[in-house]
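Below is one structure; the comments refer to it alone.
Each value in this text was obtained by applying a stated rule to the coordinates, not by laboratory testing. Not measured: the values here are computed from a predicted model. Note that we place each Cβ from the backbone using ideal geometry, even for glycine, and neighbour counts take in every protein chain shown.
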Amino acid sequence: MNGTEYHRLLGIGESAFESLEDHLEERNYDGLEYRHVPDYRRGVERGTVLIDGEVVRGFPKVPRTLVLSDGIPERFSTVADRIAVEEKLNGYNVRIARIDGEELAFSRSGMVCPFTTRIIERLVDLEPLFETHPEAMVCGEMIGPENPYTAHDYPEVDSLAFRAFDWRDRESGDPLPVEERRERYERFEIPQTRLFGSYEIETAADEVREIVETLDDDGREGVVMKSPEGVDQLKYTTSAANQDDLEFAFSLPFDYGQAFMFRRLIREGFQAVEWNESDAVARERAHELGEAILLSMRETIETVDDGEVVGERHTVRASPETVDVLFEHLRGQGLQLEIEADRREDGDRVCTFLKRTQSTTDKTRNYLEGHVVQE
């Protein structure tokens, strides 16, 4: 397809598309060439894909509030009287679309994920959905402990699972209204993220806080609030999720940027103030934050001091071919992998591997050897 036809599908002018083309990244999946938008450009969503004459829209960035009582009315009061509140899960975001008869799973940045594309059919049957709605873009989260990107334990998931959280038109990116989307997924027996309820804007902050407190006690991620039409969204995370992120980031302090860590500390500060915590409760929060930061970092330093390397550890369970394709995909992105355990179980290959984070390993070793820190 030529650029003129693509710019019409994207709804932008020819000159805008010509400017966008300079920033598109070219990829190949199993002989199928495609291009994707790695960052937000010219009003086009990050992750938008141009493939085989078709467009697969990227998923819009969801804003975050640090203060529920003001953030909710600020975001929604001019567009809705009520909001739907659904669970935000800790995994990796995928969009699944049918292109030329094949179901492809796209990452947030717009790359075809060979692992997800191959594994999704054993987790959920999307064929009836795409037969009825070929224009659909199924948006969801891949969660569970056997996860090659973002591993997190959920009591209800033994290995890997899919949970739908949105349904959009593949070409336009327009969402279905929340109620209609949930009814459709239920009809096709597609598992979804949990719906807590629908709440009036005036009382939503108190309702959401109660939900967040329960999720926090359970060590879960947070919530996404949506207008009934599904267009306007807002997210809010639990303290448990913030602290988990900080624990992970400070276990690899030279590979995760200061902005990543700072944003999560800021969230904790605003939550402590909005929830009007007593000095004792605030000190307990501070104690937990300190442990998340210091203990994970100490463990990393001790690991490097013992002559070992550090990184992100994952376990995956899939067919041997799928695991091979995953490792090829990860290494193709410049990642160094170290296979720590590899076995066969019920026909699957179950593999634990380490994504080596060389910056943290090297800098920690240098400092342990007495290199001076330049500040």
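A few points about this structure:
- Computed on region 8-125, the Cα convex hull volume stands at 161 Å³ per residue.
- Cross-link reach list, lysines versus Lys226, counting only Cα pairs under 25 Å and skipping chain neighbours closer than eight places: Lys61, Lys88, Lys235
- A DSSP coil position with no more than 11 other Cβ atoms inside 10 Å describes the following GluC sites (Glu not before Pro) in region 138-223: Glu156, Glu189.
- Sum of -39500 (n - 2.57) over DSSP H runs of 4+, divided by residues of the chain (222 nm, nearest 500): -12500 deg cm²/dmol
- Remark: region 1-56 is approximated by an ellipsoid whose semi-axes, taken from the C-alpha gyration tensor as √(5λ), come to 17, 13, 9 Å, largest first.
- Taking region 1-56 and dividing mean pair separation by its residue count, relative contact order in percent (alpha carbons under 8 Å, at least six apart): 28
- Its relative contact order, with pairs defined as Cα atoms under 8 Å and 6+ residues apart, puts the chain at 15 percent.
- Label reach from Glu277 (point 7 Å along Cα→C-beta): in region 283-310, amide nitrogens under 20 Å belong to 283-297.
- Label selected from (1) 21; (2) 13; (3) 17, the criterion being percent of Cα pairs over 39 Å apart as computed here: (1)
- Surrounding net charge for Leu160, when Lys and Arg each add one and Asp and Glu each subtract one, Cβ distance under 15 Å: -4
- Evaluated over region 31-75, the Cα radius of gyration and Dmax, each in Å: 15.7, 51
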